[in-house]
Amino acid sequence: MKSNIFILFLLLSGAQVFSQNCTTATVSPKLDPTSIGIVVYSNDVETVWNALRLANYSKKEGDEVSVFLLGKGVEVDKLVKENKDVDEQVKKLLDSGGTILGCGTCLQSRNNTSPTICKFSSMKDLYELIRKNKIVLTF
């Protein structure tokens, strides 16, 4: 009889621990806002779209977000004219106070001297983005 009570106690204790672990795994605490730098060096529509979606989600969560377009990434300026989903994400980011910088050398090499969605920027700006943000992601 004592062993049955002991086994029942162990089972109930284990169920409670399991229940607590499941509960904490599904509920995430609200995180403090942070600063995120996103470097986009791809001109793949899906990659750019996902990078911008993450930027917008992060802004919605209260984070400061800066995007730097590098290499093929500066072609996002052209993608917004061809893809309404990318255009929508860019507008949403800019309207929410996010910034988009573009590598001046990369823009010039593509004969884009007056970009419409990004500010003409330099390696110094990229360096500052990397240094000032707590999180830097590349796409």
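With the requirement that a residue be part of a loop (DSSP other than H, G, I, E, B) and either farther than 16 Å from ASN56 by Cα or β-branched (Val, Ile, Thr) (or both), what does segment 89-117 give you?
Scanning segment 89-117 gives ARG110, ASN111, ASN112, THR113, SER114, PRO115, THR116, ILE117.
In segment 104-139, which residues are of a type in the set (Ser, Thr, Tyr) and out of contact with any Gly (no Cβ under 8 Å at 6 or more places or on another chain)?
THR105, SER109, THR113, SER114, THR116, TYR127, THR138
Taking interchain pairs and intrachain pairs at least six residues apart, which have beta carbon atoms under 9 angstrom, with the first residue in segment 44-62 and crowded, with 16+ Cβ neighbours inside 10 Å and of a type in the set (S, T, N, Q) and the second in a helix (DSSP H, G or I) and at pLDDT 95 or above?
So the pair list comes out as ASN56/GLN89; ASN56/LYS92; ASN56/LEU93.
Please go through segment 125-139 and give me each residue that is open to solvent by less than 60 Å² (accessible area, probe 1.4 Å), in a helix (DSSP H, G or I) and within 21 Å of ASN50 (Cα to Cα), ordered by number.
LEU126, LEU129
Please enumerate the residues belonging to segment 63-88 that are part of a strand (DSSP E or B) and either surrounded by fewer than 14 Cβ atoms within 10 Å (Cβ to Cβ) or not aliphatic (A, V, I, L, M) (or both).
Result: GLU64, SER66, PHE68.
Please enumerate the residues belonging to segment 91-124 that are under 20 Å from the mean Cα position of the chain (by Cα) and open to solvent by less than 100 Å² (accessible area, probe 1.4 Å).
LEU93, LEU94, SER96, GLY97, GLY98, THR99, ILE100, LEU101, GLY102, CYS103, ILE117, CYS118 - these are the residues of segment 91-124 that are under 20 Å from the mean Cα position of the chain (by Cα) and open to solvent by less than 100 Å² (accessible area, probe 1.4 Å).
The values are calculated or read from the model by the stated rules, or taken from the named source; none is laboratory data. Model, not experiment: these values are computed from the prediction. Virtual Cβ from ideal backbone geometry, glycine too; neighbours counted across all protein chains shown. When the accessible area is computed, the model is the full protein with side chains, heavy atoms only, and any ligands, DNA or RNA have been set aside. Shrake-Rupley method; radii C 1.70, N 1.55, O 1.52, S 1.80 Å.
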